[in-house]
Every structure is written in structure tokens, then in C-alpha cells.
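In what follows, a single structure is set out as C-alpha cells and then discussed.
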Amino acid sequence: MLELTLNKTHDESRQGEAFAPKQILKNPFAKKFYIESYGCAMNFADSEVVASILQKQGFGITAKFEDADMIFINTCSIREKAEATVRKRLTEFRKMKKHNPGLLVGVLGCMAERLKSKFLEEEKLVDIVVGPDAYRSLPTLIEEAESGQKGVNVLLSREETYGDISPIRLNSNGVTAFVSIMRGCNNMCSFCVVPFTRGRERSRDAASVVKECTDLFNEGYREVTLLGQNVDSYQWVNSANNSVISFANLLEKVAQISPLLRVRFSTSHPKDITDEVLFTMGKYGNICKNIHLPVQSGSSRILQKMNRTYTREWYLSKVNRIREVLPGCGISTDVITGFCTETEEDHRETLSLMEYCEYDLAYMFFYSERAGTLAARRFTDDVPEEIKKRRLQEVVALHRIQSLRSMQKEIGKTVKVLIEGNSKKSDGHWSGRSDTNKVVVFPKNETIQKGDYADVVIENCTAGTLIGKLKI
Ligand code: SAM
Ligand code: SF4
């Protein structure tokens, strides 16, 4: 599957990442667990919640699966490829049981419900299966599995938000962190499995979100990304005074923690993003001017089939409004090629919409039918794979040109960069991101450190990176 990456919400380089503590703790624990995570940022954030629950129960984290007494894979089922990867990994872990019969292997997250009988009963690949709303029951399920039973809980909840759990930040650069503000999704995009794997939408207590962000800031973090499948429908009612907190209200509260704390968010649904959110973004310099606004298709006919509940014209009017209220705001998107019945003309409409929007960043996928979705039940997956892939190649090629152009526009400008760490290619350079989410590298000097802000003059670029020097 082709995807263009470098977007923090679905970072291809992090797929299969093993969980490692920020600092390697001396491990006083009797039993150790290892977690490998796949999928979107939300899944990675969930692994941090799981780590917190397990550590409270006296289990220690290890970054090496060879040292673990329990191995967990936090799974994603959004596309077929992710499932195949997890199956392969589980088969490898299963083999380790020959030498270590006490080893427990568990599947967490989105694949749990769908594959519980297959992995657990038929293929006997795993001992524990836990859905995304049942992580609190993990310690009990581990006990059950240790006594030889199968530990299963895939129940979805209408209330669970894990709001009271402080995630353990692992594999962290100590500067940027993800914070979940809601779970599940009430939209029924016909291609999407999320409403079935992650359940109904629920918003997390606003006070707990603000507390988590404040704690992160006090620990030295300088950027939070508020996560939800549809952040604009965030709504939390304070039962003490019946006041309603909208997403714009929450964004403002988090922005007010400190002007030194950058705030990002993802994902915005084109049908729900409001002027109130755009005005709040404009009001605070520390809310990054970047919006992830997935379009999926440029054809109104296909959008209707996808049940996205907006048209091409509606989407374009939202893009125009963003540019009017927030000139220079970065816009990124998701595109699917080859959805059921998509014609060449529909495909050209996607290309022409992309030409108009000039996205800074895009995730691009070809359609992969998921069992149980509305599309799988109602439509025929009738676009041949080679056509889906050829259209994807065309979308990717156009985006490459556009993203290079969007980078080139920055040359000569001075951008404010939050330093996240060493550049991947050279320890002599810092790497960070601009307000509009572009990666920037520049030579180090002793006066600034990781977690600092730097004004950088952009001198050059590649399709993925701006290259500059410190402004003197
Ligand atoms: N909530 C977000 C939204 O409304 O756009 C997206 C969530 S989904 C986890 C991330 C992206 O995966 C989607 O925007 C879509 O482009 C892609 N995706 C979801 N289901 C897919 C499928 N069946 N085949 C291909 N791509 C899919
Ligand atoms: Fe899936 Fe649509 Fe919900 Fe996004 S908004 S998670 S694409 S159902």
C-alpha cells in the first residue's frame, strides 16, 4: 500500500514500534511486558494507557520482546495490509512459546473483536484478546490466562474514556505528546471500520484533558496534539453546572496553559469544522496553523456513496474559509482511490480538487474493503486492483509536485521551529517542525537546546524537509 507519510497522525516509520520507556528504568518488577503498536496515533496513545494500567499492577516494561513474560500487539484493522502484518508477527511470537512455555501473547485494539475466535480458538495464536474499551480488565485477563484459561474482553463501552489514567510516555522525544480527547466515532463513512471496532463516540472530561496537558508542560513537553476521529464534534457537559464545553472551548483552555505550549489537533471532519474553531486558532499564536481535513474523493457522487455527508463544493468552501480566516494555514488531507464504482471521471475530479487545494501533506490509499462496513454490505468492490493502484500512483505523483512546491514557497522566509531532537541524518543539526507542520533542519549552536523555539531562515528544501540556518 502506498502512503505518503511524515504526518504525525499516521507515521509509517513508527509502525510496529516497540514500546520503550523514555528513560530505561531499573526494572524492579517480577514480570515484564512488551508492546508493539500499529496504526494511527490514537493506537499509539492507547498503548501508553495500557502501559500505565499494567505498570500500576506491578508489571514492568521492556523494549526487548526476548526479555518479556507477556507480549502484546496493539492492532489496527483500517486496511488489509495491517492485518496481514499482525498475523505474521503473532506467528513469530507463537514460535517463542516452544522455548518459553509461560510466555503470554495478547492482541489489543481494533482487530480484537473481529479476529478473536480466529486467533484464539481456531489458530491458537494468542492467549489474550482485549478490545480498545476493555484495557482496565487486562490485569484480570492476564491472571486468567496464567491459570490456563483464555483471557477475552472485547466489549465496547459508551462511557470509557480512560480520562483518569495518566499515560506513560514511551518512545517519547520529551517535547511532543499525543493526548486523546475522545474515543469512537458516530459517523458511518461507508468504507470505514472504525465505528465497529472502536464503538460510539464519547468525549473525555475537559478538566482531565487540561490537567494532562498541564502536567506535560510542567514535565518539559512543549507540544500537545489533541486526538479524536472527529474533534469538532467534541462536547463535554460539566454536570456540576451544566455548562457545555465545545471543541473550540477546549482548544482555548489548552492554549491558555502557556504561550510556550504548542497545540495541534487531528482529525477535522469537513462537515463539522466551525468558524468558532478557526477564530480560536487565529486568536492564539500557540495553536498551530495547520488543519488535517480529509477529503477522501473529489467527486460528489463518490462522496455520497462514501456517506461523507458533504459535496465537493461544500469541501471547497471550507478550504476557502480556512484560507480567508487563517491566511497561510497548512492543510493536509486523506485520499482514497478506487472506491466502489469510481470512474476515470470521478478520479479526474479528485485530481482537480487536489490541484485547487494545493495540500501541504496527504495520506493516500487505495480502497481496501473491510468486512462489516456499509460498503462491504451494500456495494461491489468493482474497481480492479491494478486500476486502484494506477490511480493511486497518479494521486501520489501530483501530490509530490504539490508538496515540493509548498516547501519551495517557504524559501527566504523565517519560520519558528520547535526543536524536537537531532536531525536523522546528522548529529550536528537540530530537527523540529514549523507552525504549519513542516520538518525543518538547521545547524546546531550551543545557545539552544531540544525543546527550545528557534527562528530559522529557510534557505533550501527537499520534498519533505526545509533546510535553514538560525536567524541572527
Ligand atoms: N476520522 C478520520 C476522517 O474522518 O477522515 C479518519 C480516520 S481513518 C483511521 C484514516 C484514513 O484511513 C481515512 O481518512 C481514510 O482515508 C483511510 N481509510 C479508512 N478506511 C479505509 C479503507 N477501507 N480503505 C482505504 N483507506 C481507508
Ligand atoms: Fe471512519 Fe468516517 Fe469516523 Fe473517520 S469520520 S473514523 S473515516 S467513520
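The values are calculated or read from the model by the stated rules, or taken from the named source; none is laboratory data. Computed from a predicted structure; not experimentally measured. Please note: Cβ atoms are built from the backbone with ideal geometry, for glycine as well, and neighbour counts cover all protein chains shown.
Of the residues making up segment 319-340, those that are away from ligand 2 (no atom under 15 Å from the Cβ) and surrounded by 15 or more Cβ atoms within 10 Å (Cβ to Cβ) are 319, 322, 326, 329, 330, 331, 337, 338, 340.
Could you list, in sequence order, the residues of segment 403-436 that are within 19 Å of residue 262 (Cβ to Cβ) and not charged (D, E, K, R)? Passing the criteria: 414, 415, 417, 418, 419, 421, 430, 431, 432, 434, 436.
Test residue 190 against the stated conditions and say whether it is more than 28 Å from residue 63 (Cβ to Cβ), surrounded by fewer than 20 Cβ atoms within 10 Å (Cβ to Cβ), at pLDDT 95 or above and within 14 Å of ligand 2 (Cβ to nearest atom).
Yes: the conditions hold for residue 190.
Looking across segment 170-200, just one residue is assigned to a loop (DSSP other than H, G, I, E, B), over 18 Å from residue 295 (Cα atoms) and in contact with a helix residue (DSSP H, G or I) (Cβ under 6 Å, 6 or more places away or on another chain), and that is 181.
Among the candidates 392, 351, the residue that is under 22 Å from the mean Cα position of the chain (by Cα) and not basic (Lys, Arg) is uniquely 392. Only helices (runs of 4 or more DSSP H) whose full extent lies in segment 64-159 are considered here, and the ones with at least 3 residues that are under 19 Å from residue 32 (Cβ atoms) and under 28 Å from the mean Cα position of the chain (by Cα) are 80-96, 138-146. Being closer than 30 Å to residue 191 by Cβ, surrounded by fewer than 20 Cβ atoms within 10 Å (Cβ to Cβ), within 25 Å of the chain's Cα centre (by Cα) and of a type in the set (D, E, K, R) is not true of residue 405.
Restricting the first member to segment 295-306 and to residues that are in contact (Cβ under 8 Å) with a residue 40 or more places away in the chain, and the second to residues that are surrounded by fewer than 24 Cβ atoms within 10 Å (Cβ to Cβ) and small (Gly, Ala, Ser), the beta-carbon pairs closer than 8 Å and six or more apart or on different chains are 298/352; 305/190; 305/375; 306/190; 306/375. For beta carbons closer than 8 Å, sequence separation of 6+ or different chains, a first residue in segment 269-288 that is in a strand (DSSP E or B) and a second that is of a type in the set (Val, Ile, Thr), the qualifying pairs are 287/263; 287/280.
Just to be sure before I move on: is residue 394 at negative phi and out of contact with any Phe, Trp or Tyr (no Cβ under 8 Å at 6 or more places or on another chain) in the structure I sent? It is true that residue 394 is at negative phi and out of contact with any Phe, Trp or Tyr (no Cβ under 8 Å at 6 or more places or on another chain). Give me a count of the residues in segment 213-263 that are among the aromatic types (Phe, Trp, Tyr), outside any helix (DSSP H, G or I) and closer than 22 Å to residue 433 by Cα. The number of residues fulfilling the criteria is 1.
Yes/no matrix, rows are residues, columns are (1) touching a helix residue (DSSP H, G or I) at 6+ places or on another chain (Cβ under 6 Å); (2) without any contact (Cβ under 8 Å) to a residue 60 or more places away in the chain; (3) on the phi > 0 side of the Ramachandran plot; (4) among the aliphatic types (A, V, I, L, M):
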| site | (1), (2), (3), (4) |
| --- | --- |
| 312 | yes, yes, no, no |
| 318 | no, yes, no, no |
| 332 | no, no, no, no |
| 344 | no, yes, no, no |
| 362 | yes, no, no, yes |
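Applying the condition of being more than 28 Å from residue 62 (Cβ to Cβ) and buried (at least 18 other Cβ atoms within 10 Å of the Cβ) to segment 168-186 and asking which residue is farthest from ligand 2 (Cβ to nearest atom) yields 181.
Being within 15 Å of ligand 1 (Cβ to nearest atom) and part of a strand (DSSP E or B) is the filter; apply it to segment 289-321 and report the residue that is farthest from residue 228 (Cα to Cα). Looking at residues that are within 15 Å of ligand 1 (Cβ to nearest atom) and part of a strand (DSSP E or B), I get 296. Counting only residues that are basic (Lys, Arg), under 23 Å from residue 392 (Cα atoms) and within 16 Å of ligand 2 (Cβ to nearest atom), segment 266-315 holds 2 of them.
The set of residues from segment 185-236 being within 13 Å of ligand 1 (Cβ to nearest atom) and free of Cβ contacts under 8 Å to residues at least 40 places away in the same chain comprises 195, 201.
Looking at segment 219-263, which of its residues are closer than 28 Å to residue 421 by Cβ, touching an Asp or Glu at 6+ places or on another chain (Cβ under 6 Å) and within 16 Å of ligand 2 (Cβ to nearest atom)? Scanning segment 219-263 gives no hits.
Residue by residue, here is whether (1) away from ligand 1 (no atom under 16 Å from the Cβ); (2) in contact (Cβ under 8 Å) with a residue 12 or more places away in the chain; (3) surrounded by fewer than 16 Cβ atoms within 10 Å (Cβ to Cβ); (4) of a type in the set (Asp, Glu) holds:
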position: 46; (1), (2), (3), (4): no, yes, no, yes
position: 52; (1), (2), (3), (4): yes, yes, no, no
position: 58; (1), (2), (3), (4): yes, yes, yes, no
position: 73; (1), (2), (3), (4): yes, yes, no, no
position: 79; (1), (2), (3), (4): no, yes, no, no
position: 89; (1), (2), (3), (4): yes, yes, no, no
position: 103; (1), (2), (3), (4): yes, yes, no, no
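Take the residues of segment 237-253 that are without any contact (Cβ under 8 Å) to a residue 60 or more places away in the chain and aliphatic (A, V, I, L, M): which is surrounded by the most Cβ atoms within 10 Å (Cβ to Cβ)? If we take residues in segment 237-253 being without any contact (Cβ under 8 Å) to a residue 60 or more places away in the chain and aliphatic (A, V, I, L, M), then 251 is surrounded by the most Cβ atoms within 10 Å (Cβ to Cβ).
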